[in-house]
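The block underneath contains the structure these notes are about, expressed in C-alpha cells.
Coordinate-derived values only; no laboratory data. Fair warning: this is a prediction, and the values are worked out from it, not measured in the lab. Positions of Cβ are generated from backbone atoms using ideal geometry, with glycine treated the same way; all protein chains shown enter the neighbour counts.
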Ligand SMILES: *Cc1c(COP(=O)(O)O)cnc(C)c1O
C-alpha cells in the first residue's frame, strides 16, 4: 500500500461535524478578526501549557519575531539559536532586529548543543532561543541553569513541540516566552497559517497584543511599531475543537515511534539509527528522522528514492542548515562551521509519522528500509 508522510484527513474525519459547527458559529457570530473565539482558544492553549498568557498571531514566525520584540529583545543584542533549525527560527530573530548567533547540535538528538551555547553567551546576549526540534524538548534543567542569575531572556521555539514534556517541565513554560505554530501539519494544526506567543509576563503579553494589532494598545493610538498579525477567529475555533484531542494524538505518535525504534534496531550495524529520545513519553514526535550513514551500497538520497518508488513518502528536515542558506551569507558563516548540523542535513531522513498511522504501515516502512540496507 502507498504510505503518505502525514494523513490529516484521517485525523479530522472523527471530529469533522464538530469542526463544521465551530466554523459555522464563527460565521454566524461575525467577529472574524479578534473577538471571542480567539480569546477562548488563547485561554485554553495557555492553560494547557501552564502559562499565564497566550497571544494568537498570524503564524509561528511572527510569534518569534513579535514575541522577542515584546520581551525587549532587539537591535544591539545577540540571540543564540541552533544552526540546524527550520529557517523560520532565524527569520524571527532577524526580524526582531537582534543579531543571530548560531551554534551546532548534539548529533545524537539533533538538539542545540548546550556547551556551545554556554560558550557563546556574553555581555551582548539578549536571549537564548532553544528549538524543541522534531518534538523533543531541549533539556529544561540545563536551560534553566544557563540563564539562572543572568539578565538573559529564555525564549522557546516550540513550533514542533505542542504539549511536549521533559524533566517535569512542559514545552513553552520554561522561561520568558515561547512561540508555537499551527501550520496544518504541526502536532496541533489549523486549516491555514497560525501561531501563538506564550508568556508569563503581563507586560510582554500586553505589548504583544499591541504589536500584532498595528502597535495600537487602543484603537488608532500607536504606541508601538507593530504590524498586522492575528490568528483568525475561524482558525482559533478549529484549534479549540482539536486541542482536547492533542494529548491522545501525541501519545499515538509516541507509540508509533516506539514501534519504529523496535523494528529498526537491527539496522544499527548497517548505519541506520533513529535520533535518541531522552524524554520518554514526553517526546511528541512531530517528526521521526533516522540517520542514514552513507556506504558504497546506499546513502540517504538513494534510500529516499528507493522508498519513493515503493509508494512510501519521506521528508528531509532540513537539507540545508541555516548557516549555509544564501539569504544569510552575510552572517559570516560557511561550510565547516557546524559539522554536526551539516552531517545531519546530509544524512537525516524523516519517515511517515502521524497519529493513527497503522502498524502495518510502520512494518512496511521498516521492511523496505531493511531490504535496502541489508540487501
Ligand atoms: C513551523 C516552524 C516555525 C514557523 O512557523 P510558521 O507558522 O510556519 O511561521 C518556526 N520554527 C520551527 C522549528 C518550525 O518547525
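For the chain, the 222 nm mean residue ellipticity estimated from helices alone, with every DSSP H stretch of n ≥ 4 adding -39500 (n - 2.57) and the total spread over all residues, rounds to -11500 deg cm²/dmol. The relative contact order of the stretch 172-298, computed from alpha carbon pairs under 8 Å that lie at least 6 residues apart in sequence, is 17 percent. When only Cα pairs below 8 angstrom with a gap of at least 6 residues are kept, the stretch 8-244 shows a relative contact order of 27 percent. Build a GNM of the chain with springs between Cα atoms under 10 Å apart, and of 60, 74, 177 the one that fluctuates most is 74.
Here the stretch 246-374 is treated as a sphere whose radius is the Kirkwood value from Cα pairs; by Stokes-Einstein at 37 °C and 0.692 mPa s it diffuses with a coefficient of 209 µm²/s.
Considering only 347, 16, 69, the mean-square fluctuation computed in a Gaussian network model of the chain, springs between alpha carbons under 10 angstrom, is largest for 16.
For the stretch 281-375, the relative contact order comes to 41 percent (Cα pairs under 8 Å, sequence separation of at least 6).
The slack in the chain from residue 108 to residue 308, taken as 0.36 nm per residue of separation less the alpha-carbon distance, amounts to 69.4 nm. Expressed as an acute angle from 0 to 90° and rounded to the nearest 10, what is the orientation of the C-alpha long axis of helix 246-264 relative to the principal long axis of the chain? Helix 246-264 sits roughly 20 degrees off the main axis of the chain. With equal scatterers on the alpha carbons only and no solvent term, can you work out the Debye log10 of I(q)/I(0) for the stretch 8-244 at 0.07, 0.08, 0.12 1/Å? Each listed q corresponds, in turn, to -0.21, -0.28, -0.63. Of all beta bridges that DSSP places with both ends in the chain, some 60 percent have antiparallel geometry.
A Förster radius of 25 Å combined with the Cβ-Cβ distance from residue 29 to residue 225 puts the calculated FRET efficiency at roughly 0.20.
Comparing 17, 97, 172 in a Gaussian network model of the chain, where Cα atoms under 10 Å apart are tied by springs, the biggest mean-square fluctuation is seen for 17.
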